[in-house]
Amino acid sequence: MGAIIAGMPATISFARGAPSLDIVDIEGLKAAAAAAFVADPGGTTAYGTAVGYVPLRTWIAERHEVPPEHVLVTNGSMQADAFLFDHLVAAGDAVVVEKPTYDRTLLGLKGRGAQIHPIELEADGISVDALRALCEGGVRPKLAHVIPNFQNPAGYTLSLEKRHALLGLAREYAFTVFEDDPYIAIRFAGEELPTMLELDGSRGNVVYASSFSKTVAPGVRVGYLVGSPELIKAIQLIATNTYIAPNMLAQSIVYRFCVDGGLERSIATVKQALAERVQLLTAALDRELPEAEYQAPEGGYFMWVTFPGGTDVDALFAAAGERGVVFVKGSDFVLEGGHNALRLAYSGVTADQIDEGVRRLADAYRSLAPVAA
Ligand SMILES: Cc1ncc(COP(=O)(O)O)c(C=O)c1O
């Protein structure tokens, strides 16, 4: 794949959860890098410590209205997830995930031998009733991993009622809610909701992770964790033993980008572009593929699309590839099932590619054997 075949159009990718280059603020990042070396040449080039670049740590702490001891800055939030799982999840521990969920979360938990309990994701977030039934049935989760805003892969957002209900369950059954929230800043419609970290206050039932991947650029690899000082201390030790310290240079650049106004500018650019892309994508699907069911997201990068039961998305994937359009199969985001669903990422396609991409997808769908009624 990827080779250019004569006469074959360039592939349009709805697969990657990454921004297209036109919405990355290259000039702003260059300026932030230059400013970082001028403002703090020592801190920018030193090893530093495992808590991260101290000014950025403090800036993040202020944004979340917690003391800096609650924050650890990492190389991407993926690294934060890995440290947290290393600390909290032992082989055989029960862990709740959404169904579907981020494929790398499933991989990380499987790799640690966790006993994974997928709980149905509804349009307003994880089914709290199903989670309650699981707990009432005797399962005692150590951790519940939840992506509350513009979920990956579904694009759904956890309602305020369910945020409260989930925290209630966490208190009752003594599990930690892992609020994995890299998309929070990219809301382009609807009302902002409080994080579960905020709602939980000082009770310590929530560990929160977020990232600059979706608002600055994924290549900076800067993410972070917010939790109780005891938890952060324990994870700091794991981080020190892993890499002494994360990438100070990247964190210093991100810090300058944030304090010099780049972040707010970049978020505005990303939101505007993604709102336009969702509009184009839903209009194209309605026109070309009325069989496709979806809920238009209010932010983030992804949209979950389901086809009539019995649709063979493996076959659709192959037919789409032949026509120069790619996506991720729904089955990649679940332990089993997901065969009539797929994830469309609209973050990496420019507006002018969307119509053509959906036309190719529709053509691929029509090439499949009809689904039995
Ligand atoms: C839910 C979720 N968590 C974590 C990550 C990892 O982000 P980062 O680039 O900060 O490592 C992603 C990236 O796609 C994601 O969707």
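Any read-out appearing in this document is the output of simple, stated calculations on the displayed coordinates, not a laboratory observation. Given the structure is predicted, the values throughout are model-derived calculations rather than measurements. Here the Cβ positions follow ideal geometry from the backbone for every residue, glycine too, while neighbour counts run over all protein chains shown.
Points worth noting:
- FRET efficiency, D314 to E230 (Cβ-Cβ, R0 51 Å, nearest 0.05): 0.65
- Stretchable slack from E172 to A31, in nm (0.36 nm times residue separation minus alpha-carbon distance): 45.8 nm
- Charge dipole (the range 1-148, unit charges on Cβ, about Cα centre) - positive-most of G111, A31, G137: G111
- A crude spin-label estimate for the pair R203 and D129, with each label 7 Å from Cα along the Cβ direction, gives 2.2 nm.
- Our note on the geometry: Cα centres of the range 230-307 and the range 64-127, 17 Å apart.
- The dipole here belongs to the chain: it is taken about the Cα centre, uses +1 on the Cβ of Lys and Arg and -1 on the Cβ of Asp and Glu, and is about 760 debye.
- Full-stretch length increase - E276, K329 - with 0.36 nm per residue and alpha-carbon distance subtracted: 16.7 nm
- Loop-resident GluC sites (Glu not before Pro) (DSSP state other than H, G, I, E or B) in the range 235-330 with no more than 16 further Cβ atoms inside 10 Å of their Cβ: E291.
- Using the Karplus relation 6.51 cos²θ - 1.76 cosθ + 1.60 with θ = phi - 60°, the per-residue 3J(HN,Hα) values for the range 83-96 come to 4, 5, 5, 4, 6, 9, 10, 9, 3, x, 5, 7, 10, 9 Hz, with x marking Gly and Pro.
- Qualifying trypsin sites (Lys or Arg not before Pro) in the range 107-208, DSSP loop, other Cβ atoms within 10 Å at most 11: R203
- Taking a point 7 Å out from the Cα of T306 in the direction of its Cβ, the residues of the range 343-372 whose backbone N falls within less than 19 Å of it are 343-345, 371-372.
- The range 26-262: antiparallel DSSP beta bridges as a percent of all, rounded to 5: 40
- Listed residues G299, G113, G223, most fluctuating in the chain (Gaussian network, C-alpha, under 10 Å): G113
- FRET efficiency estimate (nearest 0.05) - Cβ-Cβ, S159 to D260, R0 45 angstrom: 0.80
- Convex hull of Cα atoms in the range 26-262, direction-averaged projection (nm²): 12.3
- Quotient of C-alpha Rg and 2.2 N^0.38 Å, computed over the range 112-187: 1.07
- Segment A10-N241, extension gain: residue separation times 0.36 nm, minus the distance between their alpha carbons: 78.7 nm
- Inter-label distance for A296 and D363, nm, one decimal - labels placed 7 Å from Cα along Cα-to-Cβ: 2.7
- Treating r as the C-beta distance of E136 and A189 and R0 as 45 Å, the FRET efficiency rounds to 0.80.
- Ordering V54, T176, I126 by the projection of their Cα atoms onto the charge dipole of the range 26-262, which places +1 on the Cβ of Lys and Arg and -1 on the Cβ of Asp and Glu, puts V54 at the extreme positive end.
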